[in-house]
Amino acid sequence: MAEKNKREMFSTGFAVFFATLGSAVGLGNIWKFPYLIGTNGGGAFLLVYLLCVILVGIPIMACEFYIGRKSRKNAVGAFKKLDAAKGWKTIGFMGTATAFLIAFFYSCVAGWVYSYVFKAIKGDFVGVTSSTASTKFMSTLVGPLSPIVWQFIVLGIVSIILIAGVKNGIERITKTLMPVLFILIIICAVRSLTLPGASQGLNFLFHVDFSQLTGPVILAALGLAFFKLSLGMGTMITYGSYFTTDNNMIATSAKVAISDSLISILAGIAIFPAVFSFGLKPSEGPGLLFMTIPLVFSKIPFGSILLVAFFFLSAIAATTALISMVQVPVAYFTEEKGMGRTKAVLFTTSIMMVVGILATLSAHPTSALANIHIIGERGFFDSFDYLSSNILLPIGGLLIAVYVGYFTKKEDFKLELSNQGTLNNALVLDVIYVFIKFVSPFLLIIVFLNSIGIFKF
Ligand code: PHE
């Protein structure tokens, strides 16, 4: 094959880990996780979430890596390459569609984060109080023009990085910036812990009150686990297809899931003490991050610099996650439809920009399109979110587990995940396989049946 047609790959195990973590860590940790904990009753939600990560997240991530690396193809082409029956390609098509749905609202929130970097640099948050923090957030959202401009800037930057390619774009950016993000979030958490009344926040985050556990809460935790680990839509199939042949993919799944959960918990520790200390409500909803973090850094030495740094790194996290989302359709269009990389990137991000406007104009009850209801009472923004996280990702995950558990040879699975027998991990593989075949799919089915009211618990 000519050199220019050679498929790109990540260059080292280090790069594999950071790129995958770059996909997992994003607005899910810093924005979604804290506000979902806040609206779903604290510690109990955290506990179910962590169980979902272990019982469902890690096994399904391993399945996606298996499909990706064995086929070395995009989410649709992978199933063809593995000689799966025709219908399995649906997973790839569904995943590609889900990538668009998520990107519509994700790029909007990423736009808010970018605008906060800019506002923090301008010194807009000097002397901020809890009430001015919410007014500032409101004005960021309602726009109407500025949030759209920020959303376009985000997607523009994502396009530039993706046009640079897997190695020069994705790998370079994630490898440099993920470690910095980790350090910054620790600083933030430590600062928040020193606020007066911090223990109330910690108590909310870690105290498990089982009476809070209802079917919808469990479904939300499961949906969050998929969203957080970028599972169920072919992102990890696509990234797996760029993995090095000697990567221990089970270890990578576990390391990514643990690091990601740790970052989420640190974000919770950064946010909840501040919520209680400044008299905000934990159930504030999607604005939680934007209202608390400026307060956390107000009134401390170097506070404004740390604030800029925090939002800058959140912007990075959002961007690297978005990159992995956009790469799913881009890999499909280039490999299956023969488009050039630049054209595929621009085509994908243009659609995201145009339809993404609907999300941006419906993000707040006073936004221009807020009164158009799509799913139940939900507007565009919430419907894109609900449909993708709570429905399509778990269904995608279920199909992936069923495909690997029941329609692939166990030997093939074991051979690929032991790097053709060179890793000494037969026992771990047997355990993961049992999870894939019996535990994950059944949990997914039970949670679904419950959410549509067939099976009550
Ligand atoms: N995991 C990312 C986050 O937590 C979101 C994401 C979902 C990225 C699906 C890619 C695919 O922010």
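The values are calculated or read from the model by the stated rules, or taken from the named source; none is laboratory data. Please read all numbers here as calculations on a predicted model, not as lab measurements. All Cβ positions, glycine included, derive from the backbone under ideal geometry; neighbour counts span all protein chains shown.
From Phe65, Phe93, grab the single residue that is over 26 Å from Pro282 (Cα atoms), aromatic (Phe, Trp, Tyr) and surrounded by 24 or more Cβ atoms within 10 Å (Cβ to Cβ). Before you say what the answer is, go through the steps one by one.
Numbers: Phe93 fails: surrounded by 24 or more Cβ atoms within 10 Å (Cβ to Cβ).
Answer to the selection: Phe65.
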Exactly one of Ile237, Ile218, Ile263 is touching an Asp or Glu at 6+ places or on another chain (Cβ under 6 Å), crowded, with 23+ Cβ neighbours inside 10 Å and part of a helix (DSSP H, G or I), and that residue is Ile237
Of all helices (runs of 4 or more DSSP H) fully inside segment 408-453, the set with 1 or more residues that are in contact (Cβ under 8 Å) with a residue 12 or more places away in the chain and over 25 Å from Ala225 (Cβ atoms) is 410-417, 426-434
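Being within 16 Å of the ligand (Cβ to nearest atom) and either closer than 26 Å to Ser146 by Cα or among the hydrophobic types (A, V, I, L, M, F, W, C) (or both) is the requirement here; does Phe312 meet it?
On the way: within 16 Å of the ligand (Cβ to nearest atom): no; either closer than 26 Å to Ser146 by Cα or among the hydrophobic types (A, V, I, L, M, F, W, C) (or both): yes.
No, not satisfied.
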Within segment 147-204, restricting to residues that are surrounded by 17 or more Cβ atoms within 10 Å (Cβ to Cβ) and of a type in the set (Ser, Thr, Tyr), the one that is modelled with the highest pLDDT is Ser159
Pairs returned, first residue in segment 249-260 that is more than 18 Å from Leu55 (Cβ to Cβ), second residue that is within 14 Å of the ligand (Cβ to nearest atom), beta-carbon separation under 6 angstrom, 6 or more apart or interchain, are Ser259/Leu21
Over segment 311-364, the set of residues of a type in the set (Val, Ile, Thr) and more than 17 Å from the chain's Cα centre (by Cα) is Val330, Thr334, Thr342, Val345, Thr348, Thr349, Ile351, Val354, Val355, Ile357, Thr360
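The rows are residues; the columns are (1) of a type in the set (Ser, Thr, Tyr); (2) under 28 Å from Tyr239 (Cβ atoms); (3) part of a helix (DSSP H, G or I).
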site	(1), (2), (3)
Val154	no, yes, yes
Leu162	no, yes, yes
Ile170	no, yes, yes
Met178	no, yes, yes
Phe182	no, yes, yes
Ile185	no, yes, yes
Ser192	yes, no, yes
Leu205	no, no, yes
Within segment 240-259, the residues that are surrounded by fewer than 24 Cβ atoms within 10 Å (Cβ to Cβ) and either near the ligand (Cβ under 10 Å from one of its atoms) or β-branched (Val, Ile, Thr) (or both) are Thr244, Thr245, Ile250, Thr252, Ile258
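Identify, from the list Val296, Val256, Val275, Val217, the residue that is within 24 Å of Ser324 (Cα to Cα) and β-branched (Val, Ile, Thr).
Details: Val296 fails: within 24 Å of Ser324 (Cα to Cα); Val275 fails: within 24 Å of Ser324 (Cα to Cα); Val217 fails: within 24 Å of Ser324 (Cα to Cα).
After ruling out the rest, the residue left standing is Val256.
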Taking segment 94-131 and keeping only residues that are away from the ligand (no atom under 16 Å from the Cβ) and not hydroxyl-bearing (Ser, Thr, Tyr), one is left with Val117, Phe118, Lys119, Ala120, Ile121, Lys122, Gly123, Asp124, Phe125, Val126, Gly127, Val128
- Go through the residues of segment 395-413 one by one and say whether even a single one is surrounded by 15 or more Cβ atoms within 10 Å (Cβ to Cβ), under 24 Å from Gly143 (Cβ atoms) and within 23 Å of the chain's Cα centre (by Cα). no
So, first residue closer than 22 Å to Leu346 by Cβ in segment 305-327, second residue surrounded by fewer than 24 Cβ atoms within 10 Å (Cβ to Cβ) and acidic (Asp, Glu), Cβ within less than 9 Å, six or more apart or across chains; the pairs are none
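Any residue at all in segment 242-252 that's part of a helix (DSSP H, G or I), within 30 Å of Asn450 (Cα to Cα) and more than 17 Å from the chain's Cα centre (by Cα)? Walk me through how you get there before you give the answer.
Narrowing segment 242-252 to residues part of a helix (DSSP H, G or I): 249-252.
Still in the running and within 30 Å of Asn450 (Cα to Cα): none.
Scanning segment 242-252, I find no residue that is part of a helix (DSSP H, G or I), within 30 Å of Asn450 (Cα to Cα) and more than 17 Å from the chain's Cα centre (by Cα), so the answer is no.
Kindly establish whether Phe79 is of a type in the set (A, V, I, L, M, F, W, C), under 30 Å from Lys337 (Cβ atoms) and part of a helix (DSSP H, G or I). Show your work before the answer.
Numbers: of a type in the set (A, V, I, L, M, F, W, C): yes; under 30 Å from Lys337 (Cβ atoms): yes; part of a helix (DSSP H, G or I): yes.
Yes, satisfied.
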Selection from segment 1-44 of residues more than 16 Å from the ligand (Cβ to nearest atom), basic (Lys, Arg) and either part of a helix (DSSP H, G or I) or at pLDDT 90 or above (or both) yields Lys4
Note on segment 116-131: residues surrounded by fewer than 23 Cβ atoms within 10 Å (Cβ to Cβ), at negative phi and not acidic (Asp, Glu) are Val117, Phe118, Lys119, Ile121, Lys122, Phe125, Val126, Val128, Thr129, Ser130, Ser131
